[in-house]
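Chemist: Below you will find the structure I want to go over with you.
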Amino acid sequence: MAKPRAFDVTTLPGFTFIAILSFVLLYAPIVTLVVYSFNGGNSVNQWGGFSLEWYVVAFNNAAVQDATMRSLIIALWAAVISTSVATLAALGTTRRGKFKGQTVIYIIINQPLMVPEIVTAVALLIFFSSVKLATGYSGLGYLILAHSAFCIPFAYLPIRARLEGMDTAMETAAADLYATPLQTFRYVTLPLLLPGVIAGAMLAFIISLDNVVITEFVKSAGQDTLPTYMLGQLRRALTPEVNAISTTLLALTIFILIAFALVTKKRN
Amino acid sequence: MSKPSGQRSKGVNGWLLSTPALVLLLLAASGPLLIVAAYSVMEKGDYSGVRWVLSGEGWFRVLFERDIFDQTVSLADANLSIFWRSVKLSIATTLITFFLGLPTAWFIATRPASSRAFWLFLITIPFWTNLLIRTFAIMEVIRNQGILNTALMKSGLISEPIQILYTDTAVLIGMAYVYLPLMVLPLYAAVDRFDFKLIEAGYDLYASRWQILRRVILPIIKPGIIAGSILVFIPSLGAYVTPRVLGGGKNMMIGNFIELQFGQGQNWPLGAALSTVLLLVVLVSLVVYTRVSSRDNQDG
Amino acid sequence: MNTNVAVDAQNVGKIYGIGNSAVTALGDVSLSIQKGEFFTLLGPSGCGKTTLLRCIAGFETPTSGAIHLSGRDITHTPPNARPVNTVFQSYALFPHLTVAQNVGFGLKMLGKPADEVTKSVARVLALVKLEEFADRFPQQLSGGQQQRVALARALAPEPEVLLLDEPLSALDLKLRKEMQSELKRLQTETGITFIFVTHDQEEALTMSDRIGVMSRGALLQVGTPHEIYENPADRFVADFIGETNFLEGTVADGKVRIGTGDVLDVALKVQTGAVTLAIRPEQVSIVPTGSGIAAKITETTYMGTDTHYTLALDDGSDIVARVQSNTTQAHKVGDAVAIRIGTVQVLQS
């Protein structure tokens with residue numbers, strides 16, 4: 001006879017099984033990828049023992065070094081620019097009551113989240129190719145501009161969330177205690193907002209670092225970032241080198257996410 | 001200072017502070033979309049680009065083609081099959097992610113508060129991980145010498161590897177894999193707000209588990225279901241990387257088809273028209289979503 | 001102008017919105033608060049008491065009227081230029097600053113030298129008995145301690161007037177009682193004018209020198225707790241402050257006749273017409289049948305020291321009597337008794 005079990009209202013038949021299955025399905029491929037990045041030997045098909053050889057190959061590959069530097073430069077610029085403008089926008093659109101056109105601002109800011117990337121990519125290709133033709137400039141500026149733009153909603157959301165979670169009484173209290181509006185911003189609003197700003201910058205950094213589609217369309221010749229380099233490699237055979245690069249990027253993402261979790265958790 | 005002028009200064013400040021962000025977005029995100037729309041009604045250029053002459057040819061070519069010799073008009077079957085594949089795969093992706101995602105979201109929301117953050121974090125890692133990396137990861141699993149085929153062959157279930165990679169199935173598996181977190185997160189948000197006392201009330205009133213799910217839980221978390229479905233359906237329809245890597249160039253979706261039009265000697269107006277179509281579909285889904293969710297809010 | 005007046009509000013009105021959607025939060029309130037007074041604004045939520053407080057603090061600008069502080073017109077002075085400080089309902093302590101930094105914030109903003117700030121902070125923290133918590137962060141303190149920090153922070157710049165916006169509402173009953181006497185002590189020690197906002201009539205009665213009762217944006221009555229309780233100006237005040245029975249009556253020949261036909265002997269302000277009688281439950285005593293107005297007990301509620309009896313009179317009206325539990329024999333539901341009524345307030349119907 002089955003053991004009498006406590007009747008748990010939160011359990012639904014099969015749900016736990018499917019949930020666990022989902023987690024396994026989510027992680028099995030990633031784990032495989034990570035494990036295979038440590039595969040010695042030349043074949044991607046056979047386990048040749050633990051080795052860091054593909055990491056060494058990847059790190060010594062001038063094209064990879066180049067693409068990495070380019071990815072980091074773009075991501076840093078994009079994070080700084082998008083976070084700066086998103087902070088201002090968040091200050092302008094929260095906690096001051098509704099005003100005319102607020103919805104329009106929301107829609108424009110969140111637009112990159114809604115429009116399929118391929119459409120934006122095509123649009124930027126058309127726009128920037130004529131600008132390139134007109135100005136003769138074909139530097140990293142286009143990529144930085146494009147990345148800064150689509151990173152804005154990602155930077156904006158945590159900053160806005162932080163601002164909305166902040167008691168408006170904070171600024172009221174500061175004003176009550178003789179702070180001028182500028183002092184209020186300097187001593188109260190900004191320090192309280194900082195975790196949100198850092199979180200926003202981190203998300204923007206990840207999003208920029210990960211971008212494939214828009215970068216692929218906007219970049220000029222010889223402007224590969226790490227993701228577009230990896231996509232290009234796929235035209236040839238899949239190599240463990242790509243696995244090694246992927247694993248490194250994955251580690252970086254997880255590192256930033258943990259830092260993000262710590263920064264946003266501190267609020268209580 | 002009276003209230004109205006106070007409101008006006010609020011608005012001025014709001015717009016002023018938002019201006020840098022808006023300028024950047026109009027320059028490098030929203031603005032160029034208008035150029036796409038404009039390009040879609042231009043005449044095709046000789047090599048690439050457009051000639052500045054108004055023409056409906058781009059839009060015409062979305063659905064139709066002309067015979068090279070006798071100019072007879074017929075439906076463009078190749079295009080239609082790409083559209084059909086995109087819609088079919090996107091709907092299937094949405095369904096798969098929903099059936100996996102709901103139990104997952106439920107599972108996370110019913111964990112004790114102490115471990116909930118951990119389970120949620122397990123979802124956020126893939127969510128923020130490079131889409132290309134995740135596509136590579138799934139490729140590792142399903143390719144002919146990948147772990148799936150190897151395991152099946154070792155177990156003796158099959159003698160020849162099953163060709164999954166470079167098929168529609170591969171694209172479907174890949175999209176379901178990469179977009180699953182997009183379904184789980186809004187569902188979790190909905191389930192997390194769910195009042196479990198309602199289930200007790202349901203059981204108290206003689207409902208079975210199945211009835212509880214159908215009559216109590218699903219109606220209440222409907223906004224989350226719609227949000228998750230939109231979040232999965234839209235990027236699926238516009239998917240580019242996943243079908244390119246896993247479909248192997250043959251099994252194109254709209255995204256890849258659009259890209260193709262922007263290559264050398266290709267048809268930019270057609271590509272622009274296709275992009276505009278995609279944009280309109282997304283717009284309509286979003287409008288439907290806002291309508292439905294605001295109606296739900298009004299109902300209480 | 002009277003130099004003893006701390007805050008003088010003249011015909012202050014506050015209307016939100018414009019046109020058809022306009023809402024009157026405050027309609028033409030005039031009020032003088034004396035220096036060194038513990039003044040309480042009392043009323044149900046939405047009565048305008050907080051709006052009035054925020055107008056005095058400078059967070060809201062009145063749509064009409066003027067506010068004077070020690071004779072100066074401050075109606076349009078921004079809050080950071082008013083020698084007035086607020087203890088917020090939510091405390092509004094800065095989470096990124098320590099207790100000492102919170103308390104010293106106002107002095108720092110006023111540009112006081114660092115050593116003077118340190119000295120003042122120490123003095124004020126001693127005043128609220130929080131010396132040993134100076135370096136903690138607000139989140140690390142209990143609700144009661146946070147309350148004291150908020151108080152210390154508002155007192156540190158030595159304002160002319162301290163505004164307290166329902167500061168005790170988040171505390172549990174025991175702590176609230178403690179803080180009530182603590183507030184009273186601080187007010188006496190510092191001599192600062194306190195303007196206290198609450199919806200709790202008991203709190204208002206026990207702490208205040210004077211009370212202003214508000215309802216729907218209007219000030220209904222201003223007076224000492226005793227005046228307000230014993231001599232309510234109208235039915236709302238009588239009902240809001242303490243428990244009150246209301247009986248309808250008519251005045252004729254200098255007497256009041258109630259619905260049952262019985263005649264009450266009360267002091268009258270009016271000579272004729274319909275009136276409402278406000279009777280506190282403790283003014284109703286239960287006596288044997290025949291020696292008062294006939295009544296029947298319909299409900300008894302034992303409350304410890306007191307017992308509340310609800311009685312039905314012959315005309316169908318109800319009246320509640322509060323009787324000390326230990327001095328009377330208990331009556332049961334259904335008992336036929338009689339009542340005698342002591343002090344009665346006659347209100348215009």
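Chemist: Restricting the first residue to segment B:118-147 and requiring it to be closer than 25 Å to B:I162 by Cβ, which pairs with a second residue that is buried (at least 21 other Cβ atoms within 10 Å of the Cβ) and among the small types (G, A, S) meet a Cβ separation below 7 Å and a spacing of at least six or different chains?
Modeler: The qualifying pairs are B:I133/A:S246; B:T135/B:G174; B:F136/A:S246; B:I138/B:G174; B:E140/B:G146; B:I142/B:A170.
Chemist: I've got another one for you. Are there helices (runs of 4 or more DSSP H) fully within segment B:21-133 with at least 1 residues that are modelled with pLDDT of 90 or more? List them. First the steps, then the outcome.
Modeler: Numbers: elements: B:31-39, B:57-63, B:77-109, B:113-128.
Once the helices (runs of 4 or more DSSP H) in segment B:21-133 are filtered for at least 1 residues that are modelled with pLDDT of 90 or more, what remains is B:31-39, B:77-109, B:113-128.
Chemist: C:G106 versus (1) modelled with pLDDT under 90; (2) buried (at least 18 other Cβ atoms within 10 Å of the Cβ); (3) in contact with a Pro (Cβ under 7 Å, 6 or more places away or on another chain): which is the lone unmet condition?
Modeler: Checking C:G106 against (1) modelled with pLDDT under 90; (2) buried (at least 18 other Cβ atoms within 10 Å of the Cβ); (3) in contact with a Pro (Cβ under 7 Å, 6 or more places away or on another chain), the one that fails is (1).
Chemist: Provide a single number: the residues in segment C:280-295 that are within 10 Å of C:D335 (Cβ to Cβ) and crowded, with 17+ Cβ neighbours inside 10 Å.
Modeler: Initial filter on segment C:280-295 (within 10 Å of C:D335 (Cβ to Cβ)): C:286, C:289, C:295.
Going one step further and asking which of them are crowded, with 17+ Cβ neighbours inside 10 Å, we end up with C:286, C:295.
The qualifying residues number 2.
Chemist: Being within 25 Å of the chain's Cα centre (by Cα), under 15 Å from B:L22 (Cα atoms) and either more than 9 Å from every other protein chain (Cβ to nearest Cβ) or in a helix (DSSP H, G or I) (or both) narrows it down to one of A:F154, A:F128, so name that one.
Modeler: Details: A:F128 fails: under 15 Å from B:L22 (Cα atoms).
Result of the check over A:F154, A:F128: A:F154.
Chemist: Would segment A:98-112 turn up any residue that is basic (K, R) and at the interface with another protein chain (Cβ under 9 Å from one of its Cβ atoms)? Spell out how you get there, then give the answer.
Modeler: Taking segment A:98-112 first, the residues basic (K, R) are A:98, A:100.
Add one more test, that the residue is at the interface with another protein chain (Cβ under 9 Å from one of its Cβ atoms), and what stays is A:98, A:100.
Yes, segment A:98-112 contains at least one residue that is basic (K, R) and at the interface with another protein chain (Cβ under 9 Å from one of its Cβ atoms).
Chemist: Out of (1) assigned to a helix (DSSP H, G or I); (2) over 20 Å from the mean Cα position of the chain (by Cα); (3) surrounded by 19 or more Cβ atoms within 10 Å (Cβ to Cβ); (4) within 14 Å of chain C (Cβ to nearest Cβ), what's the single condition that is false for A:V122?
Modeler: (4)
Chemist: If you don't mind, there's one more thing I want to ask. May I ask you to say which residue of A:T184, A:T215, A:T172 is surrounded by 18 or more Cβ atoms within 10 Å (Cβ to Cβ), more than 10 Å from every other protein chain (Cβ to nearest Cβ) and of a type in the set (S, T, Y)? Spell out how you get there, then give the answer.
Modeler: Working: A:T184 fails: more than 10 Å from every other protein chain (Cβ to nearest Cβ); A:T172 fails: more than 10 Å from every other protein chain (Cβ to nearest Cβ).
That would be A:T215, the only listed residue that is surrounded by 18 or more Cβ atoms within 10 Å (Cβ to Cβ), more than 10 Å from every other protein chain (Cβ to nearest Cβ) and of a type in the set (S, T, Y).
Chemist: Can you name every one of the helices (runs of 4 or more DSSP H) wholly within segment A:161-247 that holds 2 or more residues which are at pLDDT 90 or above and touching an Asp or Glu at 6+ places or on another chain (Cβ under 7 Å)?
Modeler: Passing ranges, in order: A:213-218, A:226-233.
Chemist: Moving on to the next point. Just the residues that are within 25 Å of B:S294 (Cβ to Cβ) and of a type in the set (S, T, Y), please, taken from segment B:199-227.
Modeler: Quick first cut of segment B:199-227, residues within 25 Å of B:S294 (Cβ to Cβ) only: B:214-227.
Residues satisfying the conditions do not exist here.
Chemist: Let me ask you something else. Taking the conditions exactly as written (over 17 Å from A:S129 (Cβ atoms), within 9 Å of another protein chain (Cβ to nearest Cβ) and of a type in the set (V, I, T)), does A:I206 satisfy them or not? Even if it seems obvious, please write down each step before you answer.
Modeler: Values: over 17 Å from A:S129 (Cβ atoms): yes; within 9 Å of another protein chain (Cβ to nearest Cβ): yes; of a type in the set (V, I, T): yes.
Criteria met by A:I206.
Matching residues to (1) within 12 Å of chain A (Cβ to nearest Cβ); (2) within 20 Å of C:L53 (Cα to Cα):
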{"site": "C:S142", "(1), (2)": "no, no"}
{"site": "C:Q145", "(1), (2)": "no, no"}
{"site": "C:V149", "(1), (2)": "yes, no"}
{"site": "C:E160", "(1), (2)": "no, yes"}
{"site": "C:D165", "(1), (2)": "yes, yes"}
{"site": "C:A170", "(1), (2)": "no, yes"}
{"site": "C:L173", "(1), (2)": "no, no"}
{"site": "C:M179", "(1), (2)": "no, no"}
{"site": "C:E182", "(1), (2)": "no, no"}
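Chemist: Examine segment C:44-64 for a residue that is among the hydrophobic types (A, V, I, L, M, F, W, C), surrounded by fewer than 23 Cβ atoms within 10 Å (Cβ to Cβ) and in a strand (DSSP E or B), and state whether such a residue exists.
Modeler: No, segment C:44-64 contains no residue that is among the hydrophobic types (A, V, I, L, M, F, W, C), surrounded by fewer than 23 Cβ atoms within 10 Å (Cβ to Cβ) and in a strand (DSSP E or B).
Chemist: Determine whether C:N102 is assigned by TED's automatic domain parsing to the domain that holds C:F137 and either at positive phi or part of a helix (DSSP H, G or I) (or both). Break it down into steps so the answer makes sense when it comes.
Modeler: Values: assigned by TED's automatic domain parsing to the domain that holds C:F137: yes; either at positive phi or part of a helix (DSSP H, G or I) (or both): yes.
So C:N102 passes the test.
Chemist: Kindly list the number of the only condition in (1) surrounded by fewer than 20 Cβ atoms within 10 Å (Cβ to Cβ); (2) aliphatic (A, V, I, L, M); (3) in contact with a helix residue (DSSP H, G or I) (Cβ under 8 Å, 6 or more places away or on another chain) that fails for C:A218.
Modeler: Failed condition: (3).
Chemist: Identify the residue in segment B:214-251 that is among the small types (G, A, S) and more than 13 Å from chain A (Cβ to nearest Cβ) and, among all such residues, is surrounded by the most Cβ atoms within 10 Å (Cβ to Cβ). Let's see the steps before the verdict.
Modeler: Filtering segment B:214-251 down to residues among the small types (G, A, S) leaves B:224, B:227-229, B:236, B:238-239, B:247-249.
From what's left, more than 13 Å from chain A (Cβ to nearest Cβ): B:224, B:228-229.
Working: B:G224: 24, B:G228: 27, B:S229: 22.
Out of the qualifying residues, it is B:G228.
Chemist: Something else now. Search segment A:79-92 for residues being within 7 Å of another protein chain (Cβ to nearest Cβ) and surrounded by fewer than 22 Cβ atoms within 10 Å (Cβ to Cβ), and hand back the single one that is modelled with the lowest pLDDT.
Modeler: Filtering segment A:79-92 down to residues within 7 Å of another protein chain (Cβ to nearest Cβ) leaves A:85-86, A:88-89, A:91-92.
Subset that is surrounded by fewer than 22 Cβ atoms within 10 Å (Cβ to Cβ): A:88, A:91.
Details: A:L88: 94, A:L91: 91.
Per the criteria, the residue is A:L91.
The values are calculated or read from the model by the stated rules, or taken from the named source; none is laboratory data. Given the structure is predicted, the values throughout are model-derived calculations rather than measurements. Because the Cβ atoms are built from the backbone with ideal geometry, glycine has one as well, and the counts that use them run over all protein chains shown.
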